[in-house]
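Structure first, commentary second.
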Amino acid sequence: MTTIAVLRETAPSEQRVAQVPETVRKLVERGLRVNVERGAGLAAHLDDAEYEKAGAHVTPDAATTLRGARVVLKVQRPSEAEASQLPPESILVAFLAPAPGCPLLARLARGRVDALAMENVPRTTRAQAIDALSSQATVAGYKAVLLGASLCPRLLPMLTTAAGTLTPAKVLVLGAGVAGLQAIATAKRLGALVSAFDVRPAVREQVQSLGALFVEAPALGAQAEVTGGYAARLSEERQRLVLETIAGQLPNMDLVITTAQVRGGAAPRLITAKMLRRMRPGAVIVDLAAEAGGNCELTTPGEAVREAGVTVIGPTNLASSVPLHASMMYAKNQLALLGLIAKDGAVKLDLSDDIVSSMLLVHAGAVRA
Ligand code: NAD
């Protein structure tokens, strides 16, 4: 019988787990044996008894969990010590985030472990159910607004009370991809007046359908779009137009959520220190691009910075701070992947499949180019 191993996450502050009882049950129904390391779901409030009820074998430690495993499911990339424990000929599935020259992939290749990277799922309709970047960005976009709202010195909704009338807060979302659209929806639900800006004009309709105002940068044109729907890095002139447009908005804003990313590079700089100093005292910036260098010049990953009465936070691994639902969504993404690679109880990597081929970083003892 094919064995799937679910390891407990060991990275500091990682609270998610790769599989939840609901998805374990589905794997068991498909004729797979599922080993879950003891306590794997505890940080996400899922206890071992629930996994056992779903048909999992709860195993006392990583070594026992990995015994005979054909597929190893994780959220975060394994540490050096974890990587050395993975069984030869197994397939590791996790966010692998390989930096250039990172020794992990070579280590996996030496151990004859194949590796599928969850961040390399193609952004196609067929791959949508496997797309963990999107599911986790959805959680991050939601949580960013809650964090920002909790730091604001004012309420977000308009209130008419016996103690007076409060005007709604103004929220600006920069970058209206997956995280940005969820931030818009969340800020709307909290009653704020929301506007959003993105260099891809195709986003306008999505922003407006959420009831937010799309900030236009008319001179920008349509060239910011590239194939696959992703934004391209802007020319100096276009970047200047973007900063001008954003600078015109910032002085009126109470909360700004920034999410702008450009594939394969540093995050674009959208708020300079000079622009920030023209904002209202008490305003808050939540920079979701902190780990990619930040959209705001003052962002420090994982820290809160105060400048001219404005607070800037650059939260990292935000999805992990909503561990139950983030795990449920991630587990569904991995379940969908297993539907692709585990058929009739047997696991096979079909390299002619574009999803498998995009995700596969290490195969048959070699790191793939
Ligand atoms: P992302 O995380 O790469 O970037 C976030 C947003 O920042 C994007 O909307 C981008 O246009 C914007 N941005 C980049 N530079 C900017 C700048 N200088 N100023 C303002 N905004 C800027 O994006 P994402 O959330 O991963 O989504 C990117 C695209 O992929 C979208 O078109 C989305 O609809 C698409 N997508 C498709 C699928 C699918 O088909 N399965 C799944 C997910 C996303």
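At-a-glance table
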{"quantity": "Within region 240-291, tally of residues that are closer than 23 Å to Asn120 by Cα, of a type in the set (A, V, I, L, M, F, W, C) and near the ligand (Cβ under 9 Å from one of its atoms)", "calculated": "5"}
{"quantity": "Residue within region 76-93 that is in contact with a strand residue (DSSP E or B) (Cβ under 9 Å, 6 or more places away or on another chain), touching a residue at least 12 places away in the same chain (Cβ under 8 Å) and basic (Lys, Arg) present", "calculated": "yes"}
{"quantity": "Residue satisfying condition, being surrounded by fewer than 23 Cβ atoms within 10 Å (Cβ to Cβ), under 15 Å from Leu147 (Cα atoms) and hydrophobic (A, V, I, L, M, F, W, C), within set Val312, Val322, Val284, Val262", "calculated": "Val322"}
{"quantity": "Elements of type strands (runs of 3 or more DSSP E) in region 41-98, at least 3 residues being within 27 Å of Val121 (Cβ to Cβ) and open to solvent by less than 30 Å² (accessible area, probe 1.4 Å)", "calculated": "69-73, 91-94"}
{"quantity": "Any hit, region 139-149, residues being open to solvent by 40 Å² or more (accessible area, probe 1.4 Å) and within 14 Å of the ligand (Cβ to nearest atom)", "calculated": "yes"}
{"quantity": "Filtered residues of region 84-133 (kept if more than 16 Å from the ligand (Cβ to nearest atom) and closer than 23 Å to Ala319 by Cβ)", "calculated": "Leu92, Val93, Ala94, Leu96, Pro98, Ala99, Cys102, Leu104, Ala115, Leu116"}
{"quantity": "Hey, Leu151 assigned by TED's automatic domain parsing to the domain that holds Pro88, in contact (Cβ under 8 Å) with a residue 60 or more places away in the chain and not basic (Lys, Arg) or not", "calculated": "no"}
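The values are calculated or read from the model by the stated rules, or taken from the named source; none is laboratory data. Small disclaimer: the values here were computed from a predicted structure and weren't measured. Backbone-built Cβ (ideal geometry, glycine too); neighbour counts: all protein chains shown. Each accessible area value is taken on the protein alone, full model and side chains, heavy atoms only, with ligands, DNA and RNA left out. Shrake-Rupley method; radii C 1.70, N 1.55, O 1.52, S 1.80 Å.
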